[in-house]
Amino acid sequence: MQVDTNGFHCFKGLVKMLRQGDDLCYQAVKKEDAEKVQSMTKDEAMVYSYIEASGSEGIWTKTIKAKTNLHQSVVQRCLKNLEGKRYIKNIKSVKYPTRKIYMLYNLQPSIDVTGGPWFTDSELDTEFISSLLSIVFRFIASESLPSEDDKPIAPPPKHRKRKSSSKKSSSSSSSSKEKQVSYDQLSFPASYSKYPSLSDIHDFVQNSGITTVDLALSDIKALVDVLIYDGKIETIDDGMSYRVVLGATAENGADLGGDEDGSGGVAWDAYTEVPCGHCSIVDLCKTGGPVSAEECVYFDEWLIQ
């Protein structure tokens, strides 16, 4: 006499059947999970199976009713009993806030359901987002603009030799004075390559203790994208690094250059479309100066665009 062991184990709840394409497969079930199902009524087990299959996305009560073909009152009674035994739990979805959705008690809802770190109790936490945007912006700004220690002393201009010995001494004294001239450099030179990357920004936020929320690299990327769309920062090095845009401001109106009224905006017109129109060191641009139009690298980029 042959015994259908698969059928026996399915009856005991130790094995469940799955279909992958056209193939029928079997999957082992933990003993405690099998005992849990055995303690349920037939209707409860049916409702539980659909909730279990929904995984971390959860399932709507209306969908449960449609799949089980049970009466609404029966579905509600099963859900109440299962929730009371802590087999399932009711969750809130940011996509469907009015729907009653259930999932297994020991699972965590997916980001699509909870909205990720930007939502608190299914509500968009605008204050938290604004604070992080301001913090990320200020960090990028601090790494984009030179401090007082970074401002170099400009080299003295070259002088032609003079025949008069009397003029030679005066030239020497003026040259020594010119060595002390310090230009007010508002930005790093074009060769500067230490602007912060996405990983640098992520490490700063995680290590600063600003928030207890564990933010992934993709979450920081979302914040950076918002700042780019707002015109506050820009990408460089083929999108690998970021720097602040001249004239951009933090939320509290702290000016980082640009308009004298502190608005931070740059009035774009035919002049400001060329690099000189929004260059932070245009006042220093002259022949023989620290920067000059002949050696400007931004003209080539502008002409290519």
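Some observations on this one:
- The single residue among 117, 109, 146 that is modelled with pLDDT under 85 and in a loop (DSSP other than H, G, I, E, B) turns out to be 146.
- Scanning segment 216-242 for residues that are in contact (Cβ under 8 Å) with a residue 60 or more places away in the chain, touching a strand residue (DSSP E or B) at 6+ places or on another chain (Cβ under 7 Å) and open to solvent by 40 Å² or more (accessible area, probe 1.4 Å) returns no hits.
- Single residue of segment 75-103 satisfying the filter (more than 18 Å from residue 33 (Cβ to Cβ) and open to solvent by less than 30 Å² (accessible area, probe 1.4 Å)) that is farthest from the chain's Cα centre (by Cα): 75
- Within segment 24-34, considering residues that are outside any loop (DSSP other than H, G, I, E, B) and open to solvent by 100 Å² or more (accessible area, probe 1.4 Å), the one nearest to residue 87 (Cα to Cα): 32
- Subset tally (residues that are in contact (Cβ under 8 Å) with a residue 40 or more places away in the chain and either open to solvent by less than 50 Å² (accessible area, probe 1.4 Å) or β-branched (Val, Ile, Thr) (or both)) for segment 190-207: 6
- The residue pairs whose first member lies in segment 118-130 and is at positive phi, whose second member is open to solvent by 40 Å² or more (accessible area, probe 1.4 Å) and among the basic types (Lys, Arg), and whose beta carbons are closer than 6 Å, counting only pairs six or more residues apart or on different chains, are 122/92.
- Selection within segment 35-63 - among the acidic types (Asp, Glu), open to solvent by less than 70 Å² (accessible area, probe 1.4 Å) and over 30 Å from residue 94 (Cα atoms): none
- The listed residue being surrounded by 14 or more Cβ atoms within 10 Å (Cβ to Cβ), farther than 17 Å from residue 142 by Cβ and at pLDDT below 70, out of 262, 277, 257: 277
The values are calculated or read from the model by the stated rules, or taken from the named source; none is laboratory data. None of these values were measured; they are calculated from a predicted model. Note that we place each Cβ from the backbone using ideal geometry, even for glycine, and neighbour counts take in every protein chain shown. Side chains included, ligands, DNA and RNA excluded: accessible areas come from the protein's heavy atoms. Shrake-Rupley method; radii C 1.70, N 1.55, O 1.52, S 1.80 Å.
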